[in-house]
Amino acid sequence: MTHLRLFICFVILMHYVTADAQTITLTSLLNEMSDRDTLARYPLPVYASLQVSSYNRESVVKDGPGWFADSDGIGFMRTEKKSGKTEWVVMEHDGPGAITKMWAPYFYYGGLDDLEGPVINIYLDGEDTPAISENYFRLITGRGSVPPPFAAITARAGNSYLPIPFAKSCKVTFSSKPFYHIINYRAYPQGTAVKTFSKAQLMQALPLMDEVSAKLHAVYPLLKGERVENSGKIEAGESLKLTVNKSGAVNSLEIILDPDEVKQHPELLRSVVLVAEFDDEQTMWAPLGDFFGSANALNPFQTATRTVRSNGQMICTWLMPFRSNAAVYLKNLSNLPVQINHFAITVIDYSWNNRSMHFHANWRSDDVQPGNVFSDWNFIDIKGKGVLVGDAWTVLNPDYGWWGEGDEKIYVDEAWNKKFPTHFGTGTEDYYGWAGGENPSKDDRFSHPFLSNIEVGSATPGRRDVRGFNISTRIRALDAIPFNSRLVFDIEASPGTQIRNPWNFLGYSAVVFWYGFPGAVSNRPALPNEVKKPVMSLKQLDDRAKEISRAK
């Protein structure tokens with residue numbers, strides 16, 4: 001009887017494993033890109049989110065010699081000969097997986113004499129013939145075999161989000177010595193069923209890609225849900241609250257401010273705080289402006305998850321599940337009343353299971369860093385289990401020149417103890433999907449579903465000037481980063497070469513978006529006293545710089 005019971009249990013277990021398991025295909029990954037429910041559940045099959053890049057290989061161990069080395073466009077794995085020609089290997093992985101994102105600048109690739117760039121060869125499952133072999137710049141800018149918006153131009157760079165699954169292995173090579181490049185990919189456990197990508201599949205998937213694109217560009221989600229709303233004036237120290245006392249998921253969040261009031265009192269964007277509690281656990285606490293890439297003013301942009309319009313409208317469409325109750329509110333921590341013309345959430349039915357997670361948003365407040373001290377500026381340190389899905393960085397630059405040489409360094413689980421990141425990038429603007437090469441201007445602002453260069457300095461359009469606020473955001477879907485016990489996210493505080501003196505200050509603040517199982521915590525608590533302070537200003541940094549330079 002014992003053996004019979006064990007056999008029955010085994011049959012039942014195999015039924016659930018088979019039911020949950022699916023073959024990873026180009027089609028399944030495309031559907032996942034726009035499926036917000038999938039992102040709110042811990043992945044199944046589980047995967048490791050990995051990255052290869054051209055970071056300077058002088059960086060070997062955290063805080064060791066060369067840790068902040070520049071020249072991040074020189075790294076690659078090795079060279080090899082194929083049909084008598086040299087190929088530069090930039091990525092190699094054994095086992096099932098999928099490429100999820102590729103980035104590179106399309107200027108002076110390998111030097112000013114080479115503006116055309118290399119051919120990229122993507123070999124799958126050990127085949128001698130590449131599944132993709134074409135000009136890299138054309139591929140990642142939407143002028144090759146991958147149509148926009150799955151490959152598109154940003155500012156002097158291109159990003160391809162076409163998923164490229166493989167069952168056994170993947171090797172990526174370039175036809176000439178590589179310059180700056182970043183490739184993100186998933187590594188699935190051995191035994192995961194994956195259908196390997198082919199160009200024929202891509203052609204068959206074009207109608208589906210149109211559907212996915214429409215979802216990614218939609219301001220409002222298709223499932224409307226039950227609306228909970230309020231409006232009115234919030235007095236100083238008071239809150240405007242929306243509550244739900246049943247299971248479900250917030251499907252969208254919409255706030256409309258009075259744009260004239262914001263223009264007159266932009267400090268309200270910092271002192272009005274967006275808070276959310278799900279199942280009696282506070283998981284969101286961030287200034288409203290910072291959450292929406294608008295710490296300094298209403299900055300219009302649109303991504304797959306957040307939209308801001310100049311009329312004061314702010315919309316968020318990250319799915320926010322809960323088992324029994326939810327409270328979303330705006331708290332006014334200023335000394336002035338603030339008018340909220342509209343505050344609403346839509347709530348849809350949601351089936352909570354053992355992979356469901358709560359949505360988090362955490363803010364690190366204004367921090368001023370001198371230009372002569374290189375450091376890893378910490379966005380967040382999370383302990384628990386969850387998935388990193390996005391962030392936004394605000395940089396106040398008092399100089400007219402470049403500010404962002406710093407590489408991202410993201411440590412997943414045991415990587416922190418090993419003192420080397422799971423993701424090691426090539427520069428701040430590279431992480432956010434665009435490129436330097438020349439001093440940016442307001443003409444370099446852009447919005448794509450997963451990337452936005454929200455604000456660039458304070459200059460008039462057409463002038464190369466980055467003095468002022470510079471704000472970028474990144475949204476993660478297929479390149480989301482699961483973690484089991486810990487995630488540490490740093491970006492180097494590394495200013496441009498012309499502002500590396502003790503009196504060259506840069507101001508930083510950041511918001512991180514992630515999902516976590518109940519009990520996951522971070523080092524970014526609520527900071528009510530910080531939001532009452534004025535937002536950092538150019539005058540503040542200029543005055544501080546004058547004091548230091550006089551002392552020198």
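Derivation of every value follows stated rules applied to the coordinates shown; laboratory data play no part. Just so it is clear, the structure is predicted and the values come from calculations on it, not from any experiment. Glycine also receives a Cβ, built like all others from the backbone with ideal geometry; neighbour counts cover every protein chain displayed.
For region 361-493, what is the charge dipole size about the Cα centre, in debye to the nearest 20, if Lys and Arg each add +1 at the Cβ and Asp and Glu each add -1 at the Cβ?
Computed about the Cα centre, the dipole is about 340 debye.
For the peptides 326-333, 339-346, 524-531, residues were scored by their other Cβ atoms within 10 Å and the scores averaged per peptide; the highest-first order is 326-333, 339-346, 524-531.
Say the cut-off is 26 Å between C-alpha atoms; which of Lys168/Lys383; Lys385/Lys533; Lys195/Lys418; Lys82/Lys199; Lys263/Lys532; Lys168/Lys409 go over it?
On the way: Lys168/Lys383 33 Å; Lys385/Lys533 33 Å; Lys195/Lys418 34 Å; Lys82/Lys199 22 Å; Lys263/Lys532 18 Å; Lys168/Lys409 28 Å.
Over 26 Å apart, Cα to Cα: Lys168/Lys383; Lys385/Lys533; Lys195/Lys418; Lys168/Lys409.
Candidate cross-link partners of Lys81 among the lysines, defined by an alpha-carbon separation under 20 Å and a same-chain spacing of 8 or more, comprise Lys171, Lys177.
Hey, what number do you get for the chain at 222 nm if only DSSP H runs of n ≥ 4 count, each worth -39500 (n - 2.57), divided across all residues, to the nearest 500? All intermediate terms of the calculation are to be shown ahead of the outcome.
On the way: 12 runs with 95 residues, N = 552.
Rounded to the nearest 500, it is -4500 deg cm²/dmol.
What percentages, rounded to whole numbers, describe P(r) for region 28-217 computed over all alpha carbon pairs with 5 Å bin width beginning at zero? Result returned by the calculation: 1, 7, 14, 19, 20, 17, 12, 6, 2, 0, 0.
For region 223-356, what does the convex hull of the Cα positions come to per residue, in cubic angstrom?
Values: hull volume 13.4 nm³, N = 134.
Convex hull volume per residue, Cα atoms: 100 Å³.
Counting only residues at least eight positions apart within a chain, or on another chain, the lysines with an alpha carbon under 25 Å from that of Lys224 are Lys215, Lys241, Lys246. Solvent-free Debye calculation, one equal scatterer per alpha-carbon of region 424-552: log10 I(q)/I(0) at 0.19, 0.22 Å⁻¹ equals -1.35, -1.48.
Expressed as cubic angstrom per residue, what is the convex hull volume of the alpha carbon set of the chain? Intermediate results must be reported in sequence, preceding the final value.
Values: hull volume 92.3 nm³, N = 552.
Each residue corresponds to 167 Å³ of Cα convex hull volume.
Residues in region 482-497 carry Karplus couplings, in order, of x, 9, 9, 9, 7, 9, 10, 10, 10, 10, 4, 7, 9, x, x, 4 Hz; the curve used is 6.51 cos²θ - 1.76 cosθ + 1.60 with θ = phi - 60°, and Gly or Pro positions show x.
Determine the relative contact order of the chain: mean sequence separation of Cα pairs under 8 Å and six or more apart, normalised by residue count, in whole percent.
Values: 1433 pairs, mean separation 93.5, N = 552.
So the answer I get is 17 percent.
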